[in-house]
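A.B. asks: Okay, handing you the structure first.
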Amino acid sequence: MLTSLPLRNNKMKIIASVILLALMLLAPLVLSEFRLSLLGKFLAYAILAMGLDLIWGYTGILSLGHGVYFGLGAYAMAMHLKLTASGGELPDFMSWSGVETLPWFWQPFHSPVATLLLALLIPVAVAFLLGYLTFRNRIKGTFFSILSQALVIITVTLFVGQQGFTGGTNGLTNFDTFLGWKLGEPSTKLGLYYATVAIVGLTLLLCLWLASSRLGKILVAVRDAENRVRFIGYNPVAYKVFIYCVSAALAGLAGVMFVLQEGIISPAQMGIVPSIEMVLWVAIGGRATIFGALIGAVITNAAKTTFSEAYPDWWPIILGAMFIVAVLFLPKGLVGTFQDFAGRWTRRSEAPEPQVPVTGAATKPIQGG
């Protein structure tokens, strides 16, 4: 029966979630320490990609500025790590830049708890300000995308220009401990990897729940017919601002896990090019699928690393060709295309067989006596 399709889809999502989780948990058994570190970084990207899918795939808001929220979360954690590495003294780059006292906005980052909270709240505050001002004035589509890129330019310029407070173009690096654990130790790296896997799993469940809930249905309605949603009594601004803030918080969380595993954050990693690449992760994996965003982030970055190692002179061309092929021949992404194929196969297999009329003697009317 066709009515069993939603139940079948839910079972497929559960099975896919279990398989993905099992693969991520078993990865340390087959990957080297270096490759496992790369996978941990890719999974941190996947956290951001799933949040980006909520606003682009489900709500229709194309943000080309998510690198800002990723960078803000990453810088928050890097500031705490830098203060810890300095042992209570002024960070080295501040001394080189002529700063004599620790700035007031660095003070809260002495606390790891405050750092984790601020890594989420600062991106949310910026997203709320931008989202409320733009969505309230019904700015959307290309105009919002341009504004989000303007936010990237402003933020990167600010971080590069404030050498004494942000490290300038070099960013923040040279830290080695978090909560007393040595970040370079293999056991710590393994622990951070499993922590990233746990966060990816929780993020996946959260995004799937939001997408399948009443909120998710309203977000899709806002994407497809915002004026109609407004006319039936809903306020699209509130829903768009809320999901935009959720996405920004996930991007900030991704930045935290990235810094803990990568050991560096700079303005280049929150610029326009990385922000556009984040959108490509979702496009290649499949919009409005959540799974697609996760898979797209991992596959795209793994391909980027593989091509750059094997073909150092040609890898940008190869990667660009992959993007073009995905856009032209897989417009719904890898997961979206697979879902369409599976849906057609299911409908074909469950369609009722045509009734063949019975002919012959059994069809003759009974003659009365």
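A.B. asks: Could you give the size of the charge dipole of the chain about its Cα centre, using +1 on the Cβ of each K and R and -1 on the Cβ of each D and E, expressed in debye and rounded to the nearest 20?
C.D. replies: For the chain, the charge dipole is close to 1680 debye.
A.B. asks: Sum up the charges of everything whose Cβ sits under 14 Å from the Cβ of ILE139, counting Lys and Arg as +1 and Asp and Glu as -1, but leave ILE139 out.
C.D. replies: +3
A.B. asks: Can you order the peptides 113-122, 39-48, 300-309 by their average number of other Cβ atoms within 10 Å per residue, highest first?
C.D. replies: Result, highest mean first: 39-48, 113-122, 300-309.
A.B. asks: Report, to the nearest 10°, how far helix 291-310 tilts away from the longest principal axis of the Cα atoms in the chain, using its own Cα long axis and a range of 0 to 90°.
C.D. replies: Value to nearest ten degrees: 60.
A.B. asks: Under 8 Å for C-alpha pairs, at least 6 residues apart: give me the relative contact order for region 192-301, rounded to a whole percent.
C.D. replies: Once divided by the residue count of region 192-301, the mean separation gives 20 percent.
A.B. asks: Do the sum for the chain: with -39,500 (n - 2.57) for every DSSP H run of n ≥ 4, divided by all residues, what is the mean residue ellipticity at 222 nm, to the nearest 500 deg cm²/dmol?
C.D. replies: Theoretical 222 nm ellipticity from helices: -24000 deg cm²/dmol.
A.B. asks: List the relative contact order of the chain as a percent without decimals, with contacts defined as Cα pairs under 8 Å and 6+ residues apart.
C.D. replies: 31
A.B. asks: Using a 1.4 Å probe, how large is the accessible area of ARG287, given in Å² and rounded to the nearest 10?
C.D. replies: Accessible area, nearest 10 Å²: 100 Å².
A.B. asks: Moving to a separate point now. Shape verdict for the chain, please, from the Cα gyration tensor: rounded (a/c under 1.5), prolate (a/b greater than b/c) or oblate.
C.D. replies: Taking the square roots of the gyration eigenvalues as a ≥ b ≥ c, the chain is prolate.
The values are calculated or read from the model by the stated rules, or taken from the named source; none is laboratory data. As the structure is a prediction and not an experimental result, all values here were calculated from the model. Cβ coordinates were reconstructed from backbone atoms using ideal geometry, including for glycine residues, and neighbour counts include every protein chain displayed. SASA here: full protein model, heavy atoms, side chains in, ligands and nucleic acids out. Shrake-Rupley method; radii C 1.70, N 1.55, O 1.52, S 1.80 Å.
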